[in-house]
Each structure stands twice: as C-alpha cells, then as structure tokens.
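Visitor: A single structure is presented below for examination.
Nothing in this text is a laboratory measurement; each read-out follows from the coordinates by a stated rule. Since the model is a prediction, treat every value here as computed from it, not as a measurement. Note that each Cβ is placed from the backbone with ideal geometry, even for glycine, and that neighbours are counted across all protein chains shown.
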Amino acid sequence: MLKSLMHNNSEKKFFLHVLDGGIPIISKIRLYFFCKKNNLSYRIYKVDYSAIPRAPISHHITMAAYSRIFMASIIPSYIPKILYLDCDLLVLQNIDGLINVDLAGNFVAAVKETYSQKDYKRLGISSELPYFNSGVLYINLVEWRKQKIEQTLIEFINTSQEQIFYHDQDVMNYCFQNKWIHLDFHWNVTHFFFYPEKFTPEYFGLSSKKYNEVKNNIKILHFTGSGKPWKSECKHPLKKEYLTYKNL
C-alpha cells in the first residue's frame with residue numbers, strides 16, 4: 001500500500017501515522033528500513049483497547065480493526081484531518097481529488113457499500129440511509145474532537161454487541177448517520193466489482209456506463225474479502241498489480 005501511494009504521488013511529502021494493534025517486531029523493523037530508504041517520516045502509536053473489552057471479533061478480524069475509532073485522541077491535536085488507509089489496498093493514482101474534499105461539518109468522507117435489508121434491521125438504522133466501507137476514510141479530526149465522537153463510538157460498542165457484525169464499520173455507520181460525505185466509487189473499488197455475474201451494475205446502484213468507468217479508472221483498489229493478494233490461493237484478477245508494487 002505504501003509503495004503504491006508514494007509511487008503515484010511522488011510530488012507529495014507524507015507523514016505516516018501507524019496504528020499498532022499488535023504489529024510483530026519484524027514488521028516494525030521492515031517498516032523502519034522502508035521509511036529510511038524512502039525518506040518517509042513516521043510514528044507508531046500503541047493502541048489501548050481496554051475501553052472496549054467486549055468488542056466483537058472473528059476468526060480473521062482482531063481487535064486491531066477497532067484502532068481507527070481512537071484516532072482523534074491518538075493523533076496529535078494540532079492535526080485537523082487525516083487520510084486513513086487499510087493495508088490491503090493499492091493507491092493507483094494521484095490522491096488530490098480525495099484529500100481536497102471539503103469535509104465541512106461531517107465526520108468522514110468515504111465510499112458507499114451495499115448493505116442488505118437484514119443488516120439494516122440488525123444494525124437498527126433506516127434502509128433509506130447509505131452505508132460506507134471503512135477501508136478508505138478521509139477523517140475530520142476537528143469534528144471528532146469537537147463532538148466527542150470517540151466516546152459515542154465506545155459507548156455503542158459496549159452496549160450493542162449483538163448489533164455489531166462488521167466490526168468498526170458497523171459502529172461508525174451507526175454513529176455517523178447523515179454525517180459523512182460520499183466519495184466516488186473510484187476511491188475504494190472492492191472485490192465485488194470483479195464478479196459481474198453476481199454483482200451487476202444495479203447491485204451498486206450504477207448505470208452500466210458508470211460501472212465500467214469505475215472499473216476502467218480505479219484510483220484505489222481494495223482487496224476486500226478473505227482472498228488477499230499475498231496469499232497463493234488468491235484468485236483476484238488484479239493480483240498482478242499487487243505483485244508489481246511489492247517488487248518495486
């Protein structure tokens with residue numbers, strides 16, 4: 001992810017904030033040498049999950065998934081906005097169109113994800129409301145701090161475990177109703193786009209023309225699902241893109 005971000009945004013200088021939810025020491029060493037080689041400044045923040053002891057996890061989703069809900073208190077207070085990126089994605093284009101979005105009084109800018117009627121009912125929100133994917137978030141830290149949204153997120157986790165299935169993503173969607181900006185699908189193209197026989201343009205609420213525009217102009221490619229490109233069994237048609245950046 002970092003290689004692709006820097007390669008396609010070479011004119012920018014980044015500061016990397018790493019949320020540590022259990023990163024192995026060998027990975028931290030590799031990160032150190034990568035950042036040194038690429039003149040990239042960074043800081044690692046150890047995340048304390050003691051405020052959410054009963055947060056739902058699963059066989060492949062650990063407590064680390066909830067790290068992003070603590071960003072407003074972890075990230076230094078002089079930073080007003082931050083771009084959150086999952087590690088299972090590739091940034092394939094310049095990100096100016098993303099980081100220049102006016103967040104106004106909203107908590108985040110994100111990309112819509114389809115959500116079933118059953119899930120809306122489980123989460124307890126209106127099916128008329130859109131639902132977003134939490135893998136790419138442009139975050140308004142000023143508003144998070146002003147509205148004390150971190151405490152709201154924590155309270156929902158601790159009182160509504162039975163409603164939470166998609167971990168932090170469910171939590172933020174419940175708490176951010178009508179308080180997020182819609183980004184174009186180009187900014188978070190998930191694996192659903194690569195199974196047209198099942199996930200048609202209508203599934204995404206798109207025309208065939210717009211659907212093809214998204215697939216032909218991917219700005220951020222997100223390897224959602226269990227088929228990660230670093231696994232030999234991964235069948236994603238764009239796995240080669242991952243391998244290209246891995247070998248830079």
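Visitor: Hey, with R₀ at 51 Å, roughly what FRET efficiency would residue 12 and residue 118 work out to, going by the Cβ-Cβ distance, to 0.05? Could you put the intermediate results ahead of the total?
Guide: Working: r = 42 Å, r/R0 = 0.82.
Efficiency, from the Cβ-Cβ distance: 0.75.
Visitor: If you don't mind, there's one more thing I want to ask. Classify the chain: rounded, prolate or oblate, from the alpha-carbon gyration tensor (a ≥ b ≥ c, eigenvalue square roots; a/c under 1.5 rounded; otherwise prolate if a/b is larger than b/c)? Display every interim value, and only then the final one.
Guide: Details: a/c = 1.37, a/b = 1.04, b/c = 1.32.
Rounded shape, in that the Cα axes give a/c under 1.5.
Visitor: Right, next: So how strong a dipole does the chain carry about its Cα centre when Lys and Arg Cβ are +1 and Asp and Glu Cβ are -1, to the nearest 20 debye?
Guide: Values: 31 positive and 22 negative charges, 164 e Å.
I would put it at about 780 debye.
Visitor: Lys and Arg at +1, Asp and Glu at -1: add these up for the other residues within a Cβ distance under 10 Å of residue 230 and post the number.
Guide: Values: positive: 228, 231, 239, 246; negative: 88.
Residues near residue 230 contribute +3 overall.
Visitor: May I pose another question? DSSP beta bridges in the chain, what fraction antiparallel, as a percent rounded to 5?
Guide: 50 percent
Visitor: To make sure I understand the rule: partners must be lysines, Cα under 16 Å from the Cα of residue 228, and not fewer than 8 residues away in the same chain. Which ones qualify?
Guide: Residue 228 reaches 239, 240, 246.
Visitor: For region 94-119 and region 214-248, write down the distance between their C-alpha centroids in whole Å.
Guide: Using only Cα atoms to place each centre, the spacing works out to 22 Å.
Visitor: Enter the Cα centre distance for the pair region 1-53 and region 123-202, rounded to the nearest angstrom.
Guide: 23 Å
Visitor: Can I ask one more? With θ set to phi - 60° and the Karplus curve 6.51 cos²θ - 1.76 cosθ + 1.60, what are the ³J(HN,Hα) couplings of region 179-184 in order, to the nearest whole Hz, using x for Gly and Pro?
Guide: These are the phi-based 3J(HN,Hα) values: 10, 9, 8, 7, 8, 5 Hz.
Visitor: While we're looking at this one, here's another question. For residue 14, what charge total do you get from the other residues with a beta carbon under 13 Å from its beta carbon, if Lys and Arg give +1 and Asp and Glu give -1? Can you show the working numbers first?
Guide: Numbers: positive: 3, 12, 13, 43; negative: 11.
Taking every other residue near residue 14 into account, the sum is +3.
Visitor: Summing Lys, Arg as +1 and Asp, Glu as -1, what charge do residues with Cβ under 12 Å from the Cβ of residue 206 carry, residue 206 excluded? It would help to have the intermediate numbers written out before the result.
Guide: Values: positive: 112, 209, 210, 215; negative: 184, 202, 213.
Combined, the nearby Lys, Arg, Asp and Glu give +1.
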